[in-house]
Amino acid sequence: MPNSTLDIEFKSSASNLLVSFKMISLYIQNNEQDLIFTDNYSGVFPQRLERNGKGKGMWIVKKVMNLNKGDVILEIEAGNEKIQGIYGRYKFTLSMPIMENLTAN
């Protein structure tokens, strides 16, 4: 959402580094939560507003994370009502193994 904030948080555990991005972004419908990570998929709201791309962005993020034994997770903020009719509150978390754990396996 233009002129909104992007909050970035870093956390680590014994085995993983987590980088979370909290943002207000174009609304993601419940049935799209997994679809946005598939190749060539653009969400309903980006399509409707002609802000969609080729449907590669989140698919590439997921693929790169998986290739590096990590993951990307979408969390929908509690009480996620539409903001201005087209936006919602989301948290995307990148989970990456700490390098020492990769070499030990």
Revision key, fill the gap. Counting only residues in segment 69-81 that are at pLDDT below 80 and surrounded by fewer than 14 Cβ atoms within 10 Å (Cβ to Cβ), the one nearest to THR38 (Cα to Cα) is identified as GLU77
Review point. Any residue at all in segment 32-42 that is open to solvent by 90 Å² or more (accessible area, probe 1.4 Å) and touching a Gly at 6+ places or on another chain (Cβ under 7 Å)?
Key: yes
Review point. What is the one condition in (1) in contact with an Asp or Glu (Cβ under 9 Å, 6 or more places away or on another chain); (2) of a type outside the set (Gly, Ala, Ser); (3) loosely packed, with under 14 Cβ neighbours inside 10 Å that ASN66 does not satisfy?
Key: (1)
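Okay, residues lined up against (1) of a type in the set (A, V, I, L, M, F, W, C); (2) part of a loop (DSSP other than H, G, I, E, B):
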| position | (1), (2) |
| --- | --- |
| SER4 | no, yes |
| ILE36 | yes, no |
| ASP39 | no, yes |
| PRO46 | no, no |
Point to revise | Where a residue in segment 10-35 is over 19 Å from LYS62 (Cα atoms) and its partner, wherever it lies, is open to solvent by 90 Å² or more (accessible area, probe 1.4 Å), with Cβ under 6 Å and at least six apart | key: ILE24/ARG89; TYR27/LYS82
Exercise for review: Would you check if there is a residue in segment 44-55 being under 13 Å from the mean Cα position of the chain (by Cα) and exposed (fewer than 15 other Cβ atoms within 10 Å of the Cβ)?
Suggested key: no
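The values are calculated or read from the model by the stated rules, or taken from the named source; none is laboratory data. Source: prediction; values computed, not measured. Cβ coordinates were reconstructed from backbone atoms using ideal geometry, including for glycine residues, and neighbour counts include every protein chain displayed. Heads up: the accessible areas ignore ligands, DNA and RNA and are worked out on the full protein's heavy atoms, side chains in. Shrake-Rupley method; radii C 1.70, N 1.55, O 1.52, S 1.80 Å.
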